[in-house]
Amino acid sequence: MRTIGVSRTLAGVALTLAALFATAAQPLQAQIDPAASYPNKPIRVIVGFAAGGGNDIFARLVGARLSELLGQPVVIENRPAAGGRIAADFVAHGPADGYTLLVGATGMMSIASAIFPNLKYHPSKSFVPLSMIADFPLIMAGPAKHPAKTVREMVAWAKANPDKANYASSSPAFTIATELLKLKTGMPGVMIPWKSSNEMMLCVASEHCLIAIADGPPTVPLVKGGQIRALAVTGSERSAELPDVPSMGEMGYPEVNTKLWSGFFSPAATPPAIAKKLERTLRMAITAPDVADKLKAMAVHPGGISSDEFRTIIDKDITAYVEVVKAANLHFEE
């Protein structure tokens with residue numbers, strides 16, 4: 001009987017020790033793999049633009065699917081100011097635990113890095129570029145009744161009438177795109193500043209501005225309404241929204257290939273295991289058929305590329321924009 005009692009006592013001690021070891025191993029496992037318990041609370045996504053804009057729509061669309069995949073709420077927080085740069089600075093210098101992310105766009109990331117020497121962050125050094133949500137070309141447009149009906153004809157007309165050559169712009173992105181066109185074609189043109197891309201295109205429609213290069217949402221309705229004429233789409237592919245409009249590549253200007261993008265970022269010090277989990281999950285969310293279809297309906301190309309691919313695009317963009325800024329001797333106010 002004593003032998004049985006001792007055996008039972010030893011067995012109980014063994015079970016107790018096993019339980020203690022298992023409990024002790026849990027925090028150790030969390031230290032080894034911080035992504036094992038991530039996420040265990042809501043995730044904030046900071047958007048540097050007002051609610052209802054393109055980047056905000058992207059964030060909410062992908063954020064909803066990200067929430068489903070990770071099993072935690074994804075809360076969108078809008079911080080519109082300084083073209084998104086304040087939001088980027090906030091995230092870059094905030095907690096690097098995977099619970100505060102940024103939706104960043106070309107203007108506040110690659111272009112800002114190229115044009116503002118005192119920028120407080122760098123898009124690929126201060127952040128982990130997790131994955132691109134989407135990219136999209138720009139559209140060059142002129143007045144509907146102008147005699148120039150192609151890019152080549154518009155370039156020739158501007159050279160013959162330099163005193164009447166100008167262009168509308170409301171952001172460094174559009175200015176750089178147009179200055180790139182000028183550099184590659186020799187086309188003259190003075191910039192006329194506006195506060196929005198919608199105002200830019202209305203200036204073209206009223207024939208006070210010769211051309212403008214801008215994004216699709218304010219441009220396509222005026223093209224389809226006959227108020228302006230789309231001359232080309234930047235890059236080498238036509239736009240599904242404007243299938244009859246040639247690309248710059250088709251028109252003989254393949255180097256005028258400006259594309260804008262939007263994507264998810266986390267602070268550079270985010271634990272690699274958590275960053276990799278976010279990258280993997282975001283790619284699943286962005287490439288999900290229903291999400292991708294909704295992105296396409298906004299006239300953008302769905303992303304979902306890897307972090308390394310996204311970083312390469314960003315760094316190439318910065319180099320290209322720096323070259324244009326230097327060649328065109330452009331200066332921008334912060």
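Just a few scattered comments:
- Near residue 258: Cβ cut-off under 15 Å, other residues only, Lys/Arg at +1 and Asp/Glu at -1. The net charge is -3.
- Across the options 328, 213, 265, the greatest Cα extent toward the positive end of the charge dipole of the chain (unit charges at beta carbon of Lys, Arg, Asp, Glu) belongs to 265.
- Solvent exposure, largest accessible area first (probe 1.4 Å, DNA, RNA and ligands not counted), of 334, 153, 279: 334, 153, 279
- Listed peptides 209-216, 37-44 appear in the order 209-216, 37-44 once ranked by packing, highest mean of other Cβ atoms within 10 Å at the front.
- Ligands, DNA and RNA excluded, the heavy atoms of residue 250 present near 100 Å² of accessible surface to a 1.4 Å solvent probe.
- Across 145/184; 41/125; 195/296; 41/276; 184/316; 120/182, pairs whose alpha-carbon gap is larger than 29 Å: 120/182
- Solvent-accessible area of residue 157, all protein chains in place: 70 Å² (probe radius 1.4 Å, heavy atoms, ligands and nucleic acids excluded).
- Computed accessible area, residue 121, all protein chains, 1.4 angstrom probe, square angstrom: 10
- Its alpha carbons considered, the chain gives a radius of gyration followed by a Dmax of 25.7, 112 Å.
The values are calculated or read from the model by the stated rules, or taken from the named source; none is laboratory data. Keep in mind that this is a model prediction, so the values were computed, not measured. Reconstructed Cβ throughout: ideal geometry from the backbone, glycine too, with neighbour counts over all protein chains shown. With ligands, DNA and RNA removed, areas are computed over all heavy atoms of the protein, side chains included. Shrake-Rupley method; radii C 1.70, N 1.55, O 1.52, S 1.80 Å.
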